[in-house]
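Asks: One structure is given below, represented as structure tokens, and several questions about it will come after.
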Amino acid sequence: MKKKVLLIAFAALALTACSSKKATTDSESDKKAASSISSSNVVKQTSNKINLTNYKKIKVVEKTGSTPSQVTDLLGREADAKSKAKTSKLKATIYTWEGVQNGSAGANLAVEFANGVAIAKQISGLVVNRSKQITPKDYKSLKKGMTQEEVEAIVGKPNGYSESDYSNSEVVLWLYTSGLKSDDQANFYVTFQKNKLVAKKAQNFN
């Protein structure tokens with residue numbers, strides 16, 4: 001249950017991070033993660049279009065990002081839920097699609113739209129087959145300034161991705177929830193700006 005809640009918090013964190021031009025600190029992250037995305041119950045998959053490949057095709061850029069109709073066409077169906085959100089002075093709507101291809105129970109894809117275009121997106125609950133467990137030592141070896149490639153070489157691919165681009169600030173988050181050498185409630189996320197690690201935070205993993 002805690003893991004599912006964290007996935008929602010992870011989405012909310014990234015979808016609100018776009019209001020800040022500075023690197024997100026741990027304390028700021030905790031405050032932003034307190035908000036949550038409203039989503040519908042898990043539904044059966046009706047297609048394979050709710051997947052990581054199409055997630056990457058969604059353009060997240062202030063003023064020129066993908067439109068709601070473009071994302072709906074790309075994913076093959078209407079969103080399962082829509083909820084209002086307010087970031088600073090920005091009014092937005094979050095569209096959530098349930099039933100991610102190759103995802104775990106509760107996996108979803110969400111996109112935040114403002115002024116008619118996508119400014120943030122997230123996908124969570126991806127199943128990752130790891131060749132080895134991620135240890136606390138691996139996590140501790142992640143240092144600020146590392147590139148995404150360097151981080152992936154140490155801890156592998158994440159179970160969730162999130163990206164926002166607003167006010168000339170692009171923020172990317174990776175969430176890890178599986179294959180961690182700890183209890184089943186362990187998880188951690190890393191935050192990137194301009195392809196450089198700027199923050200990380202772990203739960204029950206030390």
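Asks: Among the residues of region 132-160 satisfying the criterion of being in contact with a strand residue (DSSP E or B) (Cβ under 7 Å, 6 or more places away or on another chain) and over 19 Å from residue 205 (Cβ atoms), which is surrounded by the most Cβ atoms within 10 Å (Cβ to Cβ)?
Replies: 148
Asks: Test residue 178 against the stated conditions and say whether it is of a type in the set (S, T, N, Q), under 16 Å from the mean Cα position of the chain (by Cα) and farther than 15 Å from residue 50 by Cα.
Replies: yes
Asks: Shifting gears a bit: Look at region 125-144 and say how many of its residues are more than 17 Å from residue 183 (Cα to Cα), under 20 Å from the mean Cα position of the chain (by Cα) and not aliphatic (A, V, I, L, M).
Replies: 3
Asks: Please return the ranges of helices (runs of 4 or more DSSP H) entirely within region 1-102 where 3 or more residues are surrounded by fewer than 17 Cβ atoms within 10 Å (Cβ to Cβ) and at pLDDT below 95.
Replies: The helices (runs of 4 or more DSSP H) meeting that bar are 2-17, 26-32.
Asks: Which of (1) surrounded by fewer than 18 Cβ atoms within 10 Å (Cβ to Cβ); (2) out of contact with any Lys or Arg (no Cβ under 8 Å at 6 or more places or on another chain); (3) under 25 Å from residue 81 (Cα atoms) does residue 129 not meet, given it meets every other one?
Replies: Residue 129 satisfies all of (1) surrounded by fewer than 18 Cβ atoms within 10 Å (Cβ to Cβ); (2) out of contact with any Lys or Arg (no Cβ under 8 Å at 6 or more places or on another chain); (3) under 25 Å from residue 81 (Cα atoms) except (3).
Asks: Still on this model: Can you run down the residue pairs with Cβ atoms below 6 Å, 6 or more apart or on separate chains, where the first is in region 115-134 and farther than 21 Å from residue 99 by Cα and the partner is buried (at least 24 other Cβ atoms within 10 Å of the Cβ) and among the acidic types (Asp, Glu)?
Replies: What qualifies is 119/112.
Asks: Within region 147-200, how many residues are in contact with a Phe, Trp or Tyr (Cβ under 6 Å, 6 or more places away or on another chain) and among the basic types (Lys, Arg)?
Replies: Residues meeting the conditions: 0.
The values are calculated or read from the model by the stated rules, or taken from the named source; none is laboratory data. For clarity, every value in this text was computed on a predicted model and none was experimentally measured. Glycine gets a Cβ as well: all are built from the backbone with ideal geometry, and neighbour counts include every protein chain shown.
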